[in-house]
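A.B. asks: Got a structure for you, written out below as structure tokens; questions coming shortly.
The values are calculated or read from the model by the stated rules, or taken from the named source; none is laboratory data. Because the structure is a prediction, the values reported are computed rather than measured. In this analysis, Cβ positions are derived from the backbone assuming ideal geometry, glycine residues included, and neighbour counts consider all displayed protein chains.
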Amino acid sequence: MSKKVLILGHSFVRRLEQFVINSVDSRVNENLNLDCDEVCVYYRGHSGASLQRIRALGISYVRELRPDITIIHALSNELCKRDRTVDAVFREMVDFVISLRYGESVKSVVILQTLHRLAPVRRIRYGVNVHWFNSRVDALNDEYKQSG
């Protein structure tokens, strides 16, 4: 029986899935070049999703798929909100991981590093100050490193 890997998050995960599905590069496939007999990868990405929404949807996906490993790429949408502190966002993620590990019995939960944003080359709908945002990303990633 193959191991199930759930990649969960916001638009980055959705775009990653689109990239691997539509890639013409023979080195890229939906299963991330992992042996399909050993590993099955599922993507669940939701554009603009808050951690609260990712958590609600993620719990239902976990109950449906019963993954061995859940990989989470989230929080950049939270970091755009001025009323949210980095510490509060970090604690919400930790709480989500605990609920997956101990409430839903996911064997391994991996949190991917939050990525910096580049300055947009054209006007975008939901612009935030890139330097401010990236400083919050650095603070969040430091929290991850310190937590081990």
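A.B. asks: Here are some residues: Ile71, Ile59. Which one is surrounded by 12 or more Cβ atoms within 10 Å (Cβ to Cβ), in contact (Cβ under 8 Å) with a residue 12 or more places away in the chain and touching a strand residue (DSSP E or B) at 6+ places or on another chain (Cβ under 7 Å)?
C.D. replies: Working: Ile59 fails: touching a strand residue (DSSP E or B) at 6+ places or on another chain (Cβ under 7 Å).
Exactly one residue qualifies, and that residue is Ile71.
A.B. asks: What residue, of Arg53, Arg27, Arg66, Arg44, is exposed (fewer than 14 other Cβ atoms within 10 Å of the Cβ) and closer than 19 Å to Ser99 by Cα? First the steps, then the outcome.
C.D. replies: Working: Arg53 fails: exposed (fewer than 14 other Cβ atoms within 10 Å of the Cβ); Arg27 fails: closer than 19 Å to Ser99 by Cα; Arg44 fails: exposed (fewer than 14 other Cβ atoms within 10 Å of the Cβ).
Testing whether each residue is exposed (fewer than 14 other Cβ atoms within 10 Å of the Cβ) and closer than 19 Å to Ser99 by Cα leaves just Arg66.
A.B. asks: Quick one: in the range 105-129, which of the residues that are modelled with pLDDT of 90 or more and either β-branched (Val, Ile, Thr) or part of a strand (DSSP E or B) (or both) is surrounded by the most Cβ atoms within 10 Å (Cβ to Cβ)?
C.D. replies: Per the stated criteria, the residue is Thr114.
A.B. asks: Another question about this same structure. Filter the range 6-33 for residues that are part of a loop (DSSP other than H, G, I, E, B) and either within 15 Å of the chain's Cα centre (by Cα) or under 22 Å from Glu64 (Cα atoms) (or both) and give the result.
C.D. replies: Within the range 6-33, His10, Glu30, Asn31, Leu32 meet the criteria.
A.B. asks: Let me ask something else about it. Within the range 107-126, count every residue that is closer than 22 Å to Lys145 by Cβ and not polar (S, T, N, Q).
C.D. replies: Just the residues of the range 107-126 that are closer than 22 Å to Lys145 by Cβ, to begin with: 108-117.
Among the residues that remain, those that are also not polar (S, T, N, Q) are: 109-112, 115-117.
The total comes to 7.
A.B. asks: Something else now. In this structure, is Leu79 touching a helix residue (DSSP H, G or I) at 6+ places or on another chain (Cβ under 8 Å), in contact (Cβ under 8 Å) with a residue 24 or more places away in the chain, crowded, with 20+ Cβ neighbours inside 10 Å and within 24 Å of Val20 (Cα to Cα)?
C.D. replies: No; evaluated as a whole, the condition is false for this residue.
A.B. asks: Moving on. Determine whether Ser99 is in contact (Cβ under 8 Å) with a residue 12 or more places away in the chain and either over 24 Å from Ala139 (Cβ atoms) or touching a His at 6+ places or on another chain (Cβ under 9 Å) (or both).
C.D. replies: no
A.B. asks: Counting only residues that are among the charged types (D, E, K, R) and modelled with pLDDT under 95, which one in the range 32-52 is farthest from Arg136 (Cα to Cα)?
C.D. replies: Ranking the qualifying residues of the range 32-52, first place goes to Asp37.
A.B. asks: Still on this structure: I want to confirm something. Restricting to the range 119-139 and keeping residues that are of a type in the set (A, V, I, L, M, F, W, C) and within 15 Å of Arg82 (Cβ to Cβ), which single residue is nearest to the chain's Cα centre (by Cα)?
C.D. replies: The extreme case among them is Val137.
A.B. asks: Oh, and also: The conditions are (1) touching a strand residue (DSSP E or B) at 6+ places or on another chain (Cβ under 6 Å); (2) assigned to a loop (DSSP other than H, G, I, E, B), and Leu100 fails exactly one of them. Which is it?
C.D. replies: (2)
A.B. asks: Residues of the range 82-93 being touching a residue at least 12 places away in the same chain (Cβ under 8 Å), farther than 29 Å from Ser2 by Cβ and either part of a loop (DSSP other than H, G, I, E, B) or not acidic (Asp, Glu) (or both), which ones? Full working, then the answer.
C.D. replies: Here is the first cut: in the range 82-93, the ones touching a residue at least 12 places away in the same chain (Cβ under 8 Å) are 86-87, 89-90, 92-93.
Applying the additional criterion that residues be farther than 29 Å from Ser2 by Cβ yields 86-87, 89-90, 92.
Correct list: Val86, Val89, Phe90.
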